[in-house]
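Worksheet: the structure to be examined is printed underneath.
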């Protein structure tokens with residue numbers, strides 16, 4: 001995680017929690033199964049895609065209201081781009097890219113979100 005986060009307002013905290021929840025759901029939907037199982041299960045793919053859309057939307061809004069917190073996330077633009085691709089290019093979504101992103105990039109983003117929330121909720125961050 002990059003350094004430099006500060007006190008977070010309730011809307012920032014909500015967006016970070018929404019993004020964290022999305023990363024946790026993506027991991028839940030894609031762990032304990034093989035690529036072949038994922039690609040054969042359209043309901044799981046749709047659920048994963050939806051959570052990627054939620055993640056990208058939350059991070060897009062976060063970037064608008066708290067640039068400092070957004071800059072602490074190393075792959076924020078990739079998450080927003082994924083959301084845009086899923087929503088606007090839905091007919092050409094590559095399940096392999098979704099799978100690879102879920103397995104390779106989401107765990108790190110989840111860790112970064114957790115770290116930001118932990119720092120933002122610590123007594124030192126809120127003047128306690």
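Here residue 43 passes the criteria (1) over 27 Å from residue 10 (Cα atoms); (2) under 13 Å from the mean Cα position of the chain (by Cα) except the one numbered (2).
Residue count for region 30-85 under the criterion of being surrounded by 16 or more Cβ atoms within 10 Å (Cβ to Cβ) and on the phi > 0 side of the Ramachandran plot: the result is 0. Scanning region 42-89 for residues that are out of contact with any helix residue (DSSP H, G or I) (no Cβ under 8 Å at 6 or more places or on another chain) and in contact (Cβ under 8 Å) with a residue 40 or more places away in the chain gives 68, 71.
Just checking: which of the helices (runs of 4 or more DSSP H) contained wholly in region 7-104 hold 1 or more residues that are under 20 Å from residue 115 (Cβ atoms)?
Details: elements: 10-30, 35-40, 42-65, 67-71, 76-88, 95-104.
Correct list: 10-30, 42-65, 67-71, 76-88, 95-104.
Taken together, the values in this text are just the output of simple stated rules run on the coordinates, not laboratory data. Everything numeric here is computed off the predicted structure, so don't read it as measured data. Heads up, the Cβs are rebuilt from the backbone with ideal geometry, glycines too, and the neighbour counts pull from every protein chain shown.
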